[in-house]
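First the structure, in the form of structure tokens, and then the observations on it.
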Amino acid sequence: MDKTGINNIRNDDLVYFGERIEPYFASSIIIRGMLDSRNLRNIIQWDKGVRWMYANDYFFNIGSDLMYAQSELKIKFKENGRQYARSLVKRCIKYGNDFINISKKIQKESGKGRLSKEKMHDLLKEYIKAASNYMIFQNIALFEGPVADITRELTKRYSRNEKKSAILASLMTTSDNLTSAEKEMDDFLLLCIKREGKDKLLDRHAKRYGWLSLRFFVGEPWTERYLQKRAEGFSAKKAKAELLKRQQNRKDIEKKINKAVKNFSKEDKKSVQLIRSIVYLRTQRTDFFQESSYYALPLVKKIAEALGISYSDLMYLGGKEVLLSLQGKFDFHNAIKRRKQGFLVFFDFDKDIILESDDVLRYVAKRPILDRKAGSVRELKEIVGNVAYPGHAKGRVMIVKTEKDNPKFAKGDILVSIMTTPNLTPSMNKAAAIITDEGGITCHAAIFAREMKKPCIIGTHIATKALKDGDTIEVDADKGVVRVLKRVITS
């Protein structure tokens, strides 16, 4: 494969996006869909997409592409932002539901006994095609800048001091719809209230919401047994009180929003609705993919078995490579072996360019930005980020990156994560405060914190590296500062 495109990229061309536990199997489908030229023109209305680079769980954008996208978005939001956003919201929901229906059909087909490799190939090809067509909406992750600009303009226009500005911004960036994770928690509490026929309800709940524990084909769906254990902490009385509290919180927030925008002009009120819709879509557009992976999971596991490799090894392969492997046209055994030694992918406009083994080390050595594990920040006494929801908290740090970390989390701990996702909801509900490396005003952590009124600081960049399990910290989410009070001794 011609590697000219990747070799011409300089260190300064790369912009760090974030850390993700997202295997190549998932990203090959997602990013190729994001870069689809036809959908970019027809739906997002861009002439070109944003290229990506993936290196050891870290993702980067090409800076010039990102600048182009942000510039185009600012123009569109300025000229006809509300209509543009409404069209995207409407299409995203429609395309997402269509995608889920196709995924359910594939699940049904793949459950019909023993499948030939040819049948597996055809089903996976159908899934990849449907997923790639929907993935154009993942570009909404890049809408953070324009949305933040509109929010700043409104807060500057209608608030007189910094504290009131922060409160107003928090209210305006509250999702106008419940996320899937919030719906799940409400339904789970209702389930705990209904004592009779509980086992049947648990099974139904697991089938409806089990996908929330999956992220980019990583993880295992919730089971009835998992939900039984989770329900042990909720008596009917406690569950009812918690549900009423959640419902009252939402009513209170809506009242505050209505009061805050009461004196806004008609046009500015519409802008607030635009912001709130995009905040909702920021989470929902990913939820569609995660739910689809739940329906495709049995097929992918059967493919791994048919190829004679583990499921985790299959995740080193791109979607198209898996299709070729099923046809005997790709040396997947050696590819996986090399990628375990080193793996880097450049998602160019029309193809994936892959580096493996020692080639990765040589490439990263010339581009230091790709080495995210270099250096130490453990000596820092303060960490600074952006306020997602104000408040104060003091407590023990628990680093939570995946669902596997949920069992170690205790009520009153402070949750520290790269970014929060719905599968971390059990820990988030127990948290005294939330801190993330990444995120902007439309991120999942910010949405959850506003919903549950928990102190939250986002965009620290270094929290998961500067802090360790057991550290004692103070969270000042009024100022966006985390102070280290006591560190655990590490060997």
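Coordinate-derived values only; no laboratory data. Keep in mind that what you see is a predicted model, and the values were worked out from it rather than measured. Positions of Cβ are generated from backbone atoms using ideal geometry, with glycine treated the same way; all protein chains shown enter the neighbour counts.
Efficiency by 1/(1 + (r/R0)^6): what FRET value for Lys468 and Arg152, r their Cβ-Cβ distance, R0 = 35 Å, to the nearest 0.05?
Efficiency, from the Cβ-Cβ distance: 0.50.
Starting from the Cα of Val488, step 7 Å toward the Cβ, then list every residue of region 381-402 with an amide N under 20 Å from that point.
381-383, 394-402
Hey, with R₀ at 45 Å, roughly what FRET efficiency would Glu379 and Ser265 work out to, going by the Cβ-Cβ distance, to 0.05?
The value I calculate is 0.35.
Short version: what are the Cα gyration tensor semi-axes of region 382-486, square root of 5 times each eigenvalue, largest first, in whole Å?
16, 16, 12
Which trypsin sites (Lys or Arg not before Pro) does region 433-469 hold that lie in a coil by DSSP with at most 16 other beta carbons within 10 Å?
On the way: sites: Arg450, Lys453, Lys465, Lys468; in loops: Lys453, Lys468.
Listed in order of number, the matching sites are Lys453, Lys468.
Under a crude label model (7 Å from the Cα following the beta-carbon direction), how far is Asp331 from Asn8 in nanometres?
In this crude spin-label approximation the distance works out to 2.9 nm.
Among DSSP beta bridges whose residues both lie in the chain, state the antiparallel percentage, nearest 5.
Taking every DSSP beta bridge within the chain, about 80 percent pair in antiparallel fashion.
Under 19 Å Cα-Cα from Lys104, which aspartates and glutamates qualify once same-chain neighbours fewer than 8 residues away are excluded?
Within reach: Asp122, Glu126, Asp203, Glu220, Asp287, Glu291.
Past 29 Å, Cα to Cα, is the threshold; run Lys156/Lys373; Lys78/Lys245; Lys48/Lys465; Lys200/Lys255; Lys125/Lys207 against it and keep the listed order.
Long pairs (Cα-Cα over 29 Å): Lys156/Lys373; Lys78/Lys245; Lys48/Lys465; Lys200/Lys255.
Label points 7 Å out from Cα along the Cβ direction at Asn42 and Lys117: separation in nm?
3.4
For the chain, which span is the longest to avoid every loop-located (per DSSP) member of GluC sites (Glu not before Pro) having at most 14 other Cβ atoms inside 10 Å?
1-195
Could you check the simple spin-label distance between Lys163 and Lys411, using points 7 Å along Cα→Cβ, in nm with one decimal?
3.1
Give me the orientation-averaged projected area of the Cα convex hull of region 232-371, in nm², one decimal.
16.1
Which length gain, in nm to one decimal place, applies between Asn97 and Tyr311 when the Cα-Cα distance is subtracted from 0.36 nm times their residue separation?
74.3 nm
So which trypsin sites (Lys or Arg not before Pro) in region 265-339 end up in coil per DSSP with only 11 or fewer other C-beta atoms within 10 Å?
Numbers: sites: Lys266, Lys269, Lys270, Arg276, Arg282, Arg285, Lys301, Lys302, Lys320, Lys329, Lys337, Arg338, Arg339; in loops: Lys329.
In loop regions of region 265-339 (DSSP not H, G, I, E or B), the sparsely surrounded trypsin sites (Lys or Arg not before Pro) are Lys329.
Does anything in region 209-228 have its amide N under 19 Å from the 7 Å Cα→Cβ label point of Lys238, and if so which residues?
In region 209-228, the label zone of Lys238 (backbone N under 19 Å from the point 7 Å along Cα→Cβ) covers 225-228.
For every helix of n ≥ 4 consecutive DSSP H residues, a contribution of -39,500 (n - 2.57) applies; sum these over the chain, divide by its total residues, and give [θ] at 222 nm rounded to the nearest 500 deg cm²/dmol.
Helix-only estimate at 222 nm: -17000 deg cm²/dmol.
Where a ≥ b ≥ c are the square roots of the eigenvalues of the C-alpha gyration tensor, would you call the chain rounded, which needs a/c under 1.5, or, failing that, prolate if a/b is larger than b/c, or oblate?
Rounded shape, in that the Cα axes give a/c under 1.5.
Apply the membrane-span-like helix rule to the chain: whole DSSP H runs, Cα extent along the own long axis of at least 30 Å, mean Kyte-Doolittle hydropathy at least 0.0. List the helices found. List each step's numbers first, then the result.
Numbers: long enough: 63-110 (45 Å, -0.85); 236-260 (36 Å, -1.64); 266-307 (60 Å, -0.36).
Answer set is empty.
Go ahead and run the numbers for FRET between Asp478 and Arg230, Cβ-Cβ distance against an R0 of 45 Å, rounding to 0.05.
So, using R0 = 45 Å, E works out to roughly 0.85.
Determine the alpha carbon to alpha carbon distance for each of Lys302/Lys337; Lys105/Lys270; Lys259/Lys454; Lys163/Lys270; Lys129/Lys302; Lys183/Lys408 and list only those over 27 Å.
Lys105/Lys270
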